[in-house]
1. Per Stokes-Einstein, at 25 °C and 0.890 mPa s, what whole-number D in µm² s⁻¹ belongs to region 6-73, with the Kirkwood radius over Cα pairs as the hydrodynamic radius?
2. Quick one: P(r) of the chain from all Cα-Cα pairs, 5 Å bins, percents rounded to integers, in order of increasing distance.
3. Short version: ³J(HN,Hα) in whole Hz for each residue of region 192-199, in order, from phi by Karplus 6.51 cos²θ - 1.76 cosθ + 1.60 (θ = phi - 60°), x for Gly and Pro, what are they?
4. Only Cα pairs under 8 Å and at least 6 apart count here; give the relative contact order of the chain as a rounded whole percent.
5. Alpha carbon centre of region 124-158 versus region 171-199: separation in Å?
6. If I build a Gaussian network model for the chain, linking alpha-carbon pairs within less than 10 angstrom, which residue out of Ser39, Ser111, Ser79 has the largest mean-square fluctuation?
7. For the chain, give the magnitude of the charge dipole about the Cα centre (Cβ charges: +1 Lys/Arg, -1 Asp/Glu; no others), in debye to the nearest 20.
8. Relative to the longest principal axis of the C-alpha atoms of the chain, give the angle of the C-alpha long axis of helix 6-22, reported between 0 and 90° and rounded to the nearest 10°.
Amino acid sequence: MTYLTERQRDVLQFIEQRITEDGVAPTLQEIATAFGFRSTASAQKHVAHLERKGYLERQKHQKRGLVLPRSRSSQPQASDLPLFGVVAAGSPIESIPGDERVFVPADFLRSGEHYVLRVRGDSMIGDGIHDGDLVVVQRAQIAADGEMVVALVADEVTLKRIYRESDTTVRLQPANPSIPTMIAPADDVQVQGVVVGLLRRY
């Protein structure tokens, strides 16, 4: 999965605005001028990323040939979500709020409120989640058995799959055989959200 950087988001919004207001897309030179790029090469780089990620299409041999894909032009493009620090995919670690925000495709999201956490550790590597990845989380206090959750355990935050062993015991299961399973009293485990998406920058 891919997501937009802040600058890619700004370039996309500029292009969308020009298409809406003028009926045509800006040229690479106009994009470079608007953002203070030293050359059109920088504008071309951002446009190429937007094309590769499916946010733009290009009509060949047209100076103003950038267009919005039909599949995206009639629906929300993305949501700007807060990045709330780091969640451990190994041993629990504190989730630290920050000022950074992440542009997330709308089709990642369910109903309700969402946020993004950066993963540290490799205990969920069996589920394809690596150190440094970003996970999109639907804020929730309840999760079904087997769902991947962000859980508060003894005042620290961790990322695991949750299973209720009994009315009084919860198992937080990693996806890495070298990482021990966490067994905790149900009263000590507070679900803070359910993972609904994965973002990775290449």
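Please treat every number below as a calculation from the coordinates, not as lab data. Small disclaimer: the values here were computed from a predicted structure and weren't measured. Glycine also receives a Cβ, built like all others from the backbone with ideal geometry; neighbour counts cover every protein chain displayed.
1. The diffusion coefficient I find is 207 µm²/s.
2. 1, 7, 14, 16, 15, 11, 10, 8, 7, 5, 3, 2, 1, 0
3. 10, x, 10, 6, 10, x, 10, 10
4. On the way: 415 pairs, mean separation 35.9, N = 202.
Reported relative contact order: 18 percent.
5. 6 Å
6. Ser111
7. 1240 debye
8. Rounded to the nearest ten degrees, it is 40.
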